[in-house]
1. Whole angstrom only: what separates the Cα centroid of the range 65-94 from the Cα centroid of the range 124-163?
2. Using a probe radius of 1.4 Å on heavy atoms only, what accessible surface per residue do you get for the range 1-156? Whole Å² is fine.
3. Between residue 244 and residue 118, what length comes free when the chain is fully extended (0.36 nm per residue of separation minus the Cα-Cα distance, one decimal in nm)?
4. Restricting to Cα pairs below 8 Å that are 6+ residues apart, what does the relative contact order work out to for the range 180-288? Please round to a whole percent.
5. Taking every pair of Cα atoms in the range 11-65, average 1/r, invert it to obtain the Kirkwood radius, and report Rg/Rh to two decimals.
6. Under the rule of -39500 (n - 2.57) per DSSP H run of 4 or more residues, summed and divided by the residues of the chain, what mean residue ellipticity at 222 nm is obtained, to the nearest 500 deg cm²/dmol?
7. Rounded if a/c is under 1.5, else prolate if a/b is larger than b/c, else oblate: which is the range 115-173, with a ≥ b ≥ c the root eigenvalues of its Cα gyration tensor?
8. Could you work out the relative contact order of the range 4-89? I mean the mean sequence separation of Cα pairs under 8 Å and 6+ apart, divided by the number of residues, in percent.
Amino acid sequence: MSDFLSLFLALIIAAITYGTPLLFGTLGEILTEKSGNLNLGVEGIMFMGGALGLGGVFYYEKAGGASGIIAVGIGILCAFLAGALASLIFSFLTITLRANQNVTGLALSIFGTGVGQFVGEYMRVRENGYISIGNALKGFFQNSPFPGFLQKIPVAGGVLFGNSVFFYLGLILAVGMFFFLNRTRTGLYLRSVGESPATADAAGIAVERYKYLATVIGGGISAVGGMVYIMTIAGCVWNHEGLSGVGWLAVALVIFCMWRPLSAIWGSVLFGALMILYLRLVLPFVPTQLYKILPYVVTVVVLIVSSMRNNKEKQPPASLGLAYFREDR
């Protein structure tokens, strides 16, 4: 195998690792926005998911737990509940009280970041300055669930079978969300709520219920992405600055993939590659800061191109970010 091919495959594997948290954050926000709710608090939600997910696994191990499968389940559950609770607050403010979604989302981003950092730092100080889990449990979060002989297949083995279990869970989630939104009656009802809540309401669809469920479940999924980042990229060690900017990248990726769950798969891998490009392709005349803004530049370019084409299928839900006033129907 040539050096170039080895470097290219290593870049793809690293891009998948960095893109997996983005995949969860993006899928959660897609589900939320399909209901017409614009939750800009993904950054804070992922912080909460990262801190509480790590905390759940840490205290499970401290209590004597040694099962990797249970540890993974606890991490997912704790992160999901943290994101769902934060999104429930957002839903109450924006759906029931009809507060401005942009302002509320930004407030949630600041609030969630603060809560996540407080929980993480509180655990760190309480445990004498270090929060991490043992190597045995780390393997369940970071290693591939497939046997070694599959990972050793020439060229494609590492890319297809050498990733953490969360990447494959993300693939299943993306495919499942695609079929849910496009092939089920409930998914079509949800999309109709996002496109025209007044029409959906007139047809007898419970608009508020769909908005609440999509926003709460979507927030929980996004929070799992924060836990995945801490447990895979950050090495199962709390770092209060580790998640900075990941939530905003997930929001940008929703636009980049045109609100399509399947497009979020390759989009997250692309954004993962852009996130680490400054480590893999070092050009002395290009500042590191320019590398780090590449995902946002690509998103803006895609947004401009899609707007020029004026293709309805590539536009956001028609009622995105707008409060629904039933009396105006």
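1. Cα centroid of the range 65-94 versus Cα centroid of the range 124-163: 21 Å apart.
2. 44 Å²
3. Details: separation 126, 0.36 × 126 = 45.36 nm, distance 1.46 nm.
Difference between extended and current length: 43.9 nm.
4. Worked out over the range 180-288, it gives 10 percent.
5. Rounded to two decimals, Rg/Rh equals 1.12.
6. Numbers: 15 runs with 230 residues, N = 329.
Calculated mean residue ellipticity at 222 nm is -23000 deg cm²/dmol.
7. Numbers: a/c = 4.19, a/b = 2.35, b/c = 1.78.
Prolate.
8. 27 percent
The values are calculated or read from the model by the stated rules, or taken from the named source; none is laboratory data. Owing to the predicted nature of the structure, the values given are computational and were not obtained by experimental measurement. Reconstructed Cβ throughout: ideal geometry from the backbone, glycine too, with neighbour counts over all protein chains shown. Each accessible area value is taken on the protein alone, full model and side chains, heavy atoms only, with ligands, DNA and RNA left out. Shrake-Rupley method; radii C 1.70, N 1.55, O 1.52, S 1.80 Å.
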